[in-house]
Amino acid sequence: MSTRKAFFLLVALSFFSSCSVRTVTNNSYELNEPFIEPISTFKSPKAFYSSPLSTPNNNVVIGGHDKYIYFFNNQGNLLKKYKTNGWVHASPALLADSTIAIGSYDGYIYIFNENGELLKSFKPAAGSMFTSIIELPNRLLVFGSNKRGIIFYDREDSTTHYYPVRKWVHGTPVKFDNDNVAIGSNDKNVYIFNKDTELKYKIKTNGWIMHSAPARIDESSFAVGSYDKHLYICNNSGETTASFKTGGRIHATPLAIDNSKIVFGSFDRSIYIVKLDGTLYKKHKTRGKVISSPVIMDDGIIIVGSYDKNLYFFSNKGEFIGYYKTKGKLFSTPAILKGNILVICTTNGYIEFLKINLQKHNL
């Protein structure tokens, strides 16, 4: 046995004998049972780029590149699956009536109840859908399209209002408290509309706005990432108040914590925590680019996935806790279910249901 293999075997035996956090590399701690308990695993033949959605009854819905939309219960048991005629790259969204809407590359929007029963499908003639869907109080569905447009679809009369842009729209739409809608585009702009589909402001960046959704910081400001390697902090009047440059593209949606800091990942293999004035608070290196968006659990634990197949855990103060090795590269954003259950999807087709016990062990 080589010296290197013997070393790692010794480290592994030390962990299991002490049943605690084990040191793998300098300042890096791998979390295993009893901190992270695997519940179940599901394998699809194709990748997952869509992010899973937690429904009010604690089920999970997710779309895959095998063209299926899947529904699971909170233990990872498959309830139903529905075959579409195109990749399902977009993430599912919860509508006001507790139904679930999800778009497909086949141009259709599918509406399900929480248990996976198809209620309706329709084709708004807007092209293939990359983005999730949001709903405004006036029954308008808002989403982006590969036909270089931001789409407002009226559920009442089935009419479509189309706002043209110069490139396809891959950004994720977000509704603000005043019913304004913000969405980024591959034409390097963030667009802000009111609920009547009127453009209010346009914020210019120097790179594509891909999956990154404008993330609310407070009532008057938000943050968004760009492929020009910058995080932009903007106010609701369309002005950029601060920015922070990383060494790589920013694909994911940032997460605001404590109304004072922003967590996000970059293609430069780093996870950043930045203050609202655009200055760095903390930085943590990973072994792969960070595409997945951060999420926060009820107990304040922050979780970020990476292309190195690891989930990284931080306290609500930004202190690094440790990492957990998954079965594949993490592109999509995890879903959090009641009872501290985390659902992750990987680019090699795995869905993992994990029980998170960090608070129980004072980590």
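No value in this document is a laboratory result; all are computed from the given coordinates. Quick caveat, the model's predicted, so the values are computed rather than measured. Every residue, glycine as well, gets a Cβ built from its backbone with ideal geometry; the counts of neighbours run over all protein chains shown.
Brief remarks on what is shown
- Dipole moment magnitude, nearest 20 debye, segment 86-207 about Cα centre, only Lys, Arg, Asp, Glu C-beta charged: 700
- Under 12 Å from Lys167, Cα to Cα: aspartates and glutamates that are on another chain or at least 8 residues apart: Asp187
- Based on alpha-carbon atoms, the Kirkwood radius and the radius of gyration of the chain give Rg/Rh equal to 0.98.
- Of Lys123/Lys338; Lys245/Lys289; Lys83/Lys188; Lys204/Lys229; Lys67/Lys325, those spanning more than 23 Å from alpha-carbon to alpha-carbon: Lys123/Lys338; Lys83/Lys188; Lys67/Lys325
- Computed from label points 7 Å out along Cα-Cβ, the spacing between Asn316 and Asn259 is 1.4 nm.
- Per-residue ³J(HN,Hα) for segment 91-99, Karplus 6.51 cos²θ - 1.76 cosθ + 1.60, θ = phi - 60°, Hz, x for Gly and Pro: 8, x, 9, 8, 8, 4, 8, 6, 7
- The ranking of Cys345, Cys234 from fewest to most other beta carbons within 10 Å of each one's beta carbon is Cys234, Cys345.
- Computed with the Debye formula from one identical point scatterer per Cα of segment 175-218, without solvent, the log10 of I(q)/I(0) at q = 0.18, 0.34 Å⁻¹ comes to -0.50, -1.20.
- On Cα atoms only, tilt of 3-18 relative to the major axis of the chain in degrees: 90
- Note that segment 123-240 carries a Kirkwood radius of 13.9 Å, evaluated over its alpha carbons pair by pair.
- Thr159-Phe176 pseudo-label distance in nm [points 7 Å out on the Cα-to-Cβ vector]: 2.6
- Per-residue [θ]222 nm for the chain (sum of -39500 (n - 2.57) over DSSP H runs n ≥ 4, rounded to 500): -1500 deg cm²/dmol
- Excluding exposed DSSP-loop GluC sites (Glu not before Pro) (at most 14 other C-beta within 10 Å), longest clean stretch of the chain: 1-116
- Cα centre as origin, Lys/Arg/Asp/Glu Cβ charges: the chain dipole, Debye: 1460
- At q = 0.21 Å⁻¹, base-10 log of I(q)/I(0) for segment 26-171 (Debye sum, equal scatterers on each alpha carbon): -1.27
- Listed from fewest to most Cβ neighbours within 10 Å, the set Val295, Val343, Val290 follows the order Val295, Val343, Val290.
- The lysines whose alpha-carbon is closer than 19 Å to the alpha-carbon of Lys317, local same-chain residues fewer than 8 away aside, are Lys261, Lys275, Lys282, Lys283, Lys285, Lys360.
- Rg of the Cα atoms in segment 243-352, relative to 2.2 N^0.38 Å, amounts to 0.99.
- Label-point separation, Ile39 to Lys325 (7 Å along Cα→Cβ), nm: 2.4
- Toward the positive end of the charge dipole of the chain, with +1 on the Cβ of Lys and Arg and -1 on the Cβ of Asp and Glu, the farthest Cα among Ile273, Ser132, Val290 is that of Val290.
- Two-site FRET efficiency, Ala125 against Thr279, from Cβ-Cβ distance with R₀ of 56 Å, rounded to 0.05: 0.75
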